[in-house]
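The values are calculated or read from the model by the stated rules, or taken from the named source; none is laboratory data. Bear in mind the structure is a predicted one, so any value in this text is a computation, not a measurement. For neighbour counting, all protein chains shown are included, and Cβ atoms are generated from backbone atoms with ideal geometry for every residue, glycine included.
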Amino acid sequence: MFALPNLLYAYDALEPYIDAKTMEIHHAKHHAAYVAKLNEALAQAPELQNKSLEELLSSLDSAPEAIRTAVRNHGGGHYNHSLFWTLMKPGGSDQPQGELAARLAKSFGDWTKFREAFTKATLGLFGSGWTWLVADSSGELSIVTTANQDSPISQGLKPLLGLDVWEHAYYLKYQNRRPEYVEAWWNVVNWPTVAARLEK
């Protein structure tokens, strides 16, 4: 059975960019609900209970039809959020360095152009979903968006960086001002973790 991961920082650690109350509700309520509902669905399919989250999401067609949507939605929600928490840290880390910076420059022109492209994709995403920096099987980098709690790994892509743009991620502080939330989020990105994911 899956469990809600602990955060590596306090709920107020990302202030003033992401407020403590949003973090608490986001983690302890929304993420916890995805975990509970995923476990509830998997209770109906004992043959899937030894599979990792990555295995479940990368082969959704193998899940019984009766729970496939639940695995997609709640499994995706659990995976996406578990990753999301690790991609932020108090104080952030300015901008990428080393190999990650070089790869971003190769794929997007430079750091500024990457940030502009990622932000544009995020602001253009209709409704609830995520924006991702991903690597394909050949290591090529690209920016993709997914609706709801769909995960890039269901498309055979490896997520390196992800931004949650469901309203529950920002509405208490930013209301309908998604651009302000996105601009603030850049201040807490954990680039060393993104770089480590690229190295893998």
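The sole residue among 92, 129, 98 that is modelled with pLDDT under 95 and closer than 17 Å to residue 169 by Cβ is 92. The numbered conditions (1) on the phi > 0 side of the Ramachandran plot; (2) assigned to a helix (DSSP H, G or I); (3) among the acidic types (Asp, Glu) are all true for residue 54 except (1). The sole residue among 171, 181 that is crowded, with 20+ Cβ neighbours inside 10 Å, aromatic (Phe, Trp, Tyr) and outside the structural domain of residue 58 (by TED's automatic domain parsing) is 181. Restricting region 36-62 to residues that are without any contact (Cβ under 8 Å) to a residue 40 or more places away in the chain and within 18 Å of the chain's Cα centre (by Cα), the residue that is farthest from residue 156 (Cα to Cα) is 52.
Taking residues in region 183-200 that are closer than 17 Å to residue 17 by Cα, and partners anywhere that are surrounded by fewer than 19 Cβ atoms within 10 Å (Cβ to Cβ) and of a type in the set (Lys, Arg), the pairs with Cβ atoms closer than 6 Å and at least 6 places apart or on different chains are 190/89. Apart from one condition, residue 65 fits all of (1) under 25 Å from residue 145 (Cβ atoms); (2) without any contact (Cβ under 8 Å) to a residue 12 or more places away in the chain; the exception is (1). Selection of region 26-57 for residues being closer than 26 Å to residue 193 by Cβ and either surrounded by 15 or more Cβ atoms within 10 Å (Cβ to Cβ) or in contact with a Lys or Arg (Cβ under 6 Å, 6 or more places away or on another chain) (or both) yields 26, 27, 30, 31, 32, 34, 35, 38, 51, 53, 56, 57.
Of the residues making up region 155-179, those that are farther than 17 Å from residue 125 by Cβ and part of a helix (DSSP H, G or I) number 2. Given the conditions (1) closer than 26 Å to residue 57 by Cα; (2) in a helix (DSSP H, G or I); (3) of a type in the set (A, V, I, L, M), which single one is not true for residue 182? Residue 182 satisfies all of (1) closer than 26 Å to residue 57 by Cα; (2) in a helix (DSSP H, G or I); (3) of a type in the set (A, V, I, L, M) except (1). Here the helices (runs of 4 or more DSSP H) wholly within region 58-150 that include at least 1 residues being aromatic (Phe, Trp, Tyr) and buried (at least 16 other Cβ atoms within 10 Å of the Cβ) are 76-86, 98-108, 111-123. Tell me which residues, restricted to region 1-23, are surrounded by 17 or more Cβ atoms within 10 Å (Cβ to Cβ), closer than 14 Å to residue 170 by Cβ and without any contact (Cβ under 8 Å) to a residue 60 or more places away in the chain. Residue satisfying the conditions is 23 alone. Residue count for region 68-82 satisfying the condition of being in contact (Cβ under 8 Å) with a residue 24 or more places away in the chain and farther than 24 Å from residue 160 by Cα: 1.
For the structure I just gave you, tell me whether residue 131 is within 14 Å of residue 186 (Cβ to Cβ), among the β-branched types (Val, Ile, Thr), under 15 Å from the mean Cα position of the chain (by Cα) and in the same structural domain as residue 183 (by TED's automatic domain parsing). So residue 131 fits the description; yes.
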